[in-house]
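Undergrad: Have a look at the structure that comes next, please.
The values are calculated or read from the model by the stated rules, or taken from the named source; none is laboratory data. Just so it is clear, the structure is predicted and the values come from calculations on it, not from any experiment. Note: ideal-geometry Cβ built from the backbone for every residue, glycine included; neighbour counts use all protein chains shown.
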Amino acid sequence: MAGYGTISASEPIVYIDHSDIREGSFEELKAGIRRLVDFIDSREPQLITYGFYIDEEALNMTVVAVHPDSASLELHMDIGSSEFRKASALADAHRDRMLRPAERKGARAAAP
């Protein structure tokens, strides 16, 4: 892909997910996020960062996960798939914007 550069299997991978929070589900979503973070933290100590960010109006949520390598991302998707489905019932993901290239030293990603 033009403009994206090559990522080796040993470089960190940044995964970003944007979602719209469904009306009336914010409190349930907050509780679900706490459960999900505890679930992932106890099973994936290799994660560099795993965080949920909610805008002030509680309309949009962004999830950021930084994995040390592609094996970590694959493990994350395998382990968390059932828990992710529970959270997805409360928010609508922007599928077209789920994975975005990150700026890296020596290679600048193309703008989406």
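Undergrad: Have a look at Ser42, Ser19 and point out the one that is out of contact with any strand residue (DSSP E or B) (no Cβ under 9 Å at 6 or more places or on another chain), hydroxyl-bearing (Ser, Thr, Tyr) and at pLDDT 90 or above.
TA: Answer to the check: Ser42.
Undergrad: Next up: Could you list, in sequence order, the residues of the stretch 55-82 that are closer than 18 Å to Gly32 by Cα, within 13 Å of the chain's Cα centre (by Cα) and either of a type in the set (A, V, I, L, M) or outside any strand (DSSP E or B) (or both)?
TA: Those that are closer than 18 Å to Gly32 by Cα, within 13 Å of the chain's Cα centre (by Cα) and either of a type in the set (A, V, I, L, M) or outside any strand (DSSP E or B) (or both): Met61, Val63, Val64, Ala65, His76, Met77, Gly80, Ser81.
Undergrad: Also, I was wondering about something else. Restricting to the stretch 45-71, and then to whatever is farther than 21 Å from Lys86 by Cα and among the small types (Gly, Ala, Ser), can you tell me which residue is modelled with the highest pLDDT?
TA: The extreme case among them is Ala71.
Undergrad: OK, next. Within the set of pairs 6+ apart or on separate chains, which have a first residue in the stretch 29-41 that is on the phi > 0 side of the Ramachandran plot, a second that is at pLDDT 90 or above and not in a helix (DSSP H, G or I), and C-beta atoms under 9 Å apart?
TA: Listed pairs, sorted by first residue: none to list.
Undergrad: Are there any pairs, at least 6 apart or on different chains, whose C-beta atoms fall under 9 Å, with the first in the stretch 64-91 and in contact (Cβ under 8 Å) with a residue 12 or more places away in the chain and the second in a loop (DSSP other than H, G, I, E, B) and β-branched (Val, Ile, Thr), and if so, which?
TA: Sorted first by the residue in the stretch 64-91, then by its partner, the pairs are Ala65/Ile48; Val66/Ile48; His67/Ile48; Pro68/Ile48; Ser70/Ile7; Ser72/Ile48.
Undergrad: Right, here's the next one. Of all the residues that make up the stretch 45-78, how many are in contact with a helix residue (DSSP H, G or I) (Cβ under 8 Å, 6 or more places away or on another chain) and among the hydroxyl-bearing types (Ser, Thr, Tyr)?
TA: 1
Undergrad: I'd like to know if the stretch 62-72 contains one or more residues that are surrounded by 14 or more Cβ atoms within 10 Å (Cβ to Cβ) and more than 17 Å from Tyr15 (Cα to Cα).
TA: Scanning the stretch 62-72 turns up no residue that is surrounded by 14 or more Cβ atoms within 10 Å (Cβ to Cβ) and more than 17 Å from Tyr15 (Cα to Cα).
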